[in-house]
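Structure first, then comments.
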Amino acid sequence: MTEPVAVLSDDLYGALNEQPFVLLHTIDAETGAPTSSAISWIYAVDRATLRFALDGRSRLTVNMTSTAEASVTLFAPGTVQTIHGTARLVAEALEDVPFKLVCFDLDIASIRDAMFYGARLSVRPEHEKTYDKRAADKLDGQVFAAMKKA
């Protein structure tokens, strides 16, 4: 059996700093059931830590406050990786952002190749903001700047 990987490779680190499409998995605080949500404000602080921002009204915030264990699924070049770890609150409200965003770090415990055997991801999922591009770019800039200061 191979040793679990707990630090991001160069490829994964790079992919996480290009505003990737990711899924955040938490345990629902009310039902105890697993949940998955797409998030967009995420980056790798370093090789062992992910940082992400969530709307302060989101159930995800309540979920991670109740159960800190969480994971992120990253659709990386050629593969799908699941990054598991412990979430910790960094800021209850990011400064210089026009609405309440909560900031968390995910301390990486393990990284696992989640692609099924004998396959590779040929095209990474892409997303686009459906509101005014200038407004989206401005907000993204504000959020990432605030996350880096948190």
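Exposure proxy shown here: for Ile83, Ile39, the number of other Cβ atoms within 10 Å sets the order, fewest to most, as Ile39, Ile83. For the range 10-149, the fraction of alpha-carbon pairs lying more than 23 Å apart is 34 percent, rounded to a whole number. With both labels modelled 7 Å from their Cα along Cα-to-Cβ, the Thr65 to Leu89 distance reads 0.6 nm. Legend: calculated FRET efficiency, Asp28 to Arg134, from the Cβ-Cβ distance at R0 = 35 Å, rounded to 0.05, equals 0.45.
The residues Phe116, Phe52, Phe21, Phe99, when put in order of fewest to most other Cβ atoms within 10 Å, stand as Phe116, Phe99, Phe21, Phe52. The range 30-50 and the range 104-140 have Cα centres separated by 10 Å. Averaging the sequence gap over all C-alpha pairs within less than 8 Å and six or more residues apart, then dividing by the number of residues, gives the chain a relative contact order of 24 percent.
When the GluC sites (Glu not before Pro) in the range 28-127 are filtered for DSSP coil states and for at most 15 other beta-carbon atoms within 10 Å of their beta-carbon, the remaining sites are Glu30, Glu92, Glu95, Glu126.
The fewest-to-most ranking of Val7, Val22 by surrounding Cβ atoms within 10 Å reads Val7, Val22.
Each residue of the range 26-42 was assigned a 3J(HN,Hα) from its phi angle through the Karplus curve 6.51 cos²θ - 1.76 cosθ + 1.60 (θ = phi - 60°); the sequence is 10, 9, 4, 5, 8, 9, x, 7, x, 10, 9, 9, 6, 10, 10, 9, 8 Hz, with glycine and proline shown as x.
A short reminder: the numbers here are calculations on the coordinates, not readings from a lab. This one's a predicted model, so the numbers in the text were calculated from it and none came from an experiment. Positions of Cβ are generated from backbone atoms using ideal geometry, with glycine treated the same way; all protein chains shown enter the neighbour counts.
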